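Asks: For reference, the structure I am asking about is given below.
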Amino acid sequence: MSVPLRIAIPIHSFAPGGVERVALNLAAGWQADGAAVKVLLGRRDGAMRETAPQLDYVVRPEPVPTASFETLWMIWAAWRWLRKNPVDVLFAAGNTYAIVGVSLKLLLGKQCPPIVIKISNDLERRDLPAPARWLYRIWLRVQGHWLDRFVGMAAPMHAEIAAAMRIGDQRIAIIEDPALEAAQLGRLAAMPRGSIVPRPPHFVSVGRLSGQKNFPLLLRAFASLADPAARLVIVGEGSDRAKLERLAADLAITARLGLPGHCDPAPYLAAGSAFVLSSDYEGVPAVVIEALAAGLPIAGTDCSVSMQELTGHGAFARLVPVRGEAALAEAMNQVLTMPFDPVAARAATTAFTIDAAAARYLDLFAATAAA
């Protein structure tokens with residue numbers, strides 16, 4: 001009888017985020033396949049707590065509230081646990097966990113398990129000023145030196161990772177972004193999608209209300225549209241809510257804007273005319289995959305090396321440079337009348353499921369542990 005593969009995953013909390021949601025769903029798949037999975041949870045609070053899968057969560061009691069220094073707390077808590085509990089692989093679910101992985105390599109030395117990190121965001125980071133970008137490039141090389149394996153979420157990321165981290169091909173794997181569960185994909189694909197765009201147009205966006213998503217750009221682009229009956233809903237929660245509400249009031253669009261918070265985006269996708277992405281940078285945005293699975297065309301920023309391929313090189317989207325307000329507004333107008341095949345768009349998303357990715361990750365973990 002083979003010994004189960006032991007996997008540890010550091011997760012800050014149940015606060016809503018695509019990286020954390022995907023990691024927990026993957027962990028449930030690995031557990032179902034017989035792996036021994038431990039989620040090293042920084043704290044138990046967050047909106048995803050009620051819907052998170054049933055897993056083995058390891059939580060160290062907080063001496064004080066740790067949300068304001070969650071990364072330092074995660075490094076400390078994971079180090080304390082890993083000193084006494086050996087595992088075969090540690091999975092860093094996204095770029096934000098790279099500092100946790102590198103710190104554990106330094107603190108644990110040879111006792112540290114091999115670390116596999118999923119690259120969840122763009123590595124070019126054109127949003128940063130020049131000095132910060134220089135420091136960020138150095139940080140990426142540090143990751144390439146200390147971490148063991150790197151996972152890109154779409155084929156175009158392979159060359160980007162190799163160049164940024166300065167590593168060889170043997171340390172890079174491409175596993176399509178496991179953005180959807182099979183049942184979720186089925187529900188999205190079953191949404192009726194006619195050939196006539198709903199009137200008035202309903203634009204939908206989904207994401208954490210934070211700087212990376214650049215929702216102020218979206219609000220200003222939406223406000224400039226000629227159709228006064230158009231509607232916009234942004235599904236998500238975050239620290240920028242008050243700022244967005246003030247901006248909406250200044251732009252006189254409060255009555256045409258919905259901010260329902262963290263909830264199931266499916267009803268909004270079903271009622272939508274088009275999906276809008278305004279991010280400054282992304283990896284392979286799961287929300288775009290969800291929107292395409294729901295049969296919606298995309299108006300968005302070209303915020304990732306993977307966006308062109310993900311959106312069918314223009315077949316499913318109108319993409320514009322990041323931070324271009326007038327260009328995004330024009331894309332929102334164009335996407336309502338562009339030729340669009342929802343059947344083809346939905347077919348392009350079938351590779352991005354938890355079921356398809358879980359087994360490939362387990363194979364990668366086993367090979368990494370053996371090496």
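Asks: Which of Leu251, Val22, Gly101 sits closest to the plus end of the dipole of the chain, meaning its Cα is farthest towards the positive end, when Lys and Arg get +1 and Asp and Glu get -1 on the C-beta?
Replies: Gly101
Asks: GNM on the chain, C-alpha springs below 10 Å: top fluctuator among Ala179, Ala67, Ala293?
Replies: Ala67
Asks: Please state the shape class of the stretch 298-340: rounded when a/c is under 1.5, otherwise prolate if a/b exceeds b/c and oblate if not, all from the C-alpha gyration tensor.
Replies: It is oblate, given that a/c is not under 1.5 and a/b is not larger than b/c.
Asks: Additional query: Within the chain, which complete DSSP H helices have Cα atoms spanning at least 20 Å along the helix axis and a mean Kyte-Doolittle hydropathy of 0.0 or higher?
Replies: TM-like helix candidates: 18-32, 354-370.
Asks: Another question about this same structure. About its Cα centre, how strong a charge dipole does the chain have in debye, to the nearest 20, once Lys and Arg get +1 and Asp and Glu get -1 at the Cβ?
Replies: Approximately 860 debye in magnitude.
Asks: Note down the nm distance, to one decimal, between modelled labels 7 Å out along Cα→Cβ at His145 and at Ala47.
Replies: Reported label-point gap for His145 and Ala47 is 4.0 nm.
Asks: Here's another thing I want to ask about it. State, to one decimal in nm, how far the label point of Ser239 lies from the label point of Ala252, with both points 7 Å from Cα in the Cβ direction.
Replies: That separation, rounded to one decimal, is 3.3 nm.
Asks: Which is the longest part of the chain that has none of the trypsin sites (Lys or Arg not before Pro) sitting in a DSSP loop with at most 14 other Cβ atoms within 10 Å?
Replies: 167-371
Asks: Just to be sure I understand the model, the point goes 7 Å from the Cα along the line to the Cβ. What's the resulting Leu128 to Leu108 distance in nm?
Replies: Spacing of the two 7 Å Cα→Cβ label points: 2.6 nm.
Asks: Quickly estimate the mean residue ellipticity at 222 nm for the chain, helices only: each DSSP H run with n ≥ 4 gives -39500 (n - 2.57), and the total goes over all residues, rounded to 500.
Replies: -11500 deg cm²/dmol
Asks: Follow-up. Once the Cα gyration tensor of the stretch 182-347 is diagonalised, what are the square roots of 5 times its eigenvalues, in whole Å and ordered largest first, as equivalent ellipsoid semi-axes?
Replies: Ellipsoid half-lengths, sorted descending, are 22, 17, 16 Å.
Asks: Can you return the lysines within cross-link range of Lys84? Criterion is Cα-Cα under 25 Å, with same-chain partners fewer than 8 residues away left out.
Replies: Lys38, Lys105, Lys110
Asks: Continuing with this model, one more query. Enumerate the amide H contacts of Ala348 below 5 Å, restricted to partners 5 or more residues apart or on another chain; note that Pro and chain-start residues carry no placed amide H.
Replies: The list, which skips near neighbours in sequence, is empty: none.
Asks: With r defined as the distance between the Cβ atoms of Ala351 and Tyr136 and R0 fixed at 30 Å, what FRET efficiency is calculated, to the nearest 0.05?
Replies: 0.50
Laboratory data are not the source of any read-out in this text; all were calculated from the coordinates shown. Given the structure is predicted, the values throughout are model-derived calculations rather than measurements. FYI the Cβ positions are ideal-geometry reconstructions off the backbone, even for glycines, and counts take in every protein chain you see.
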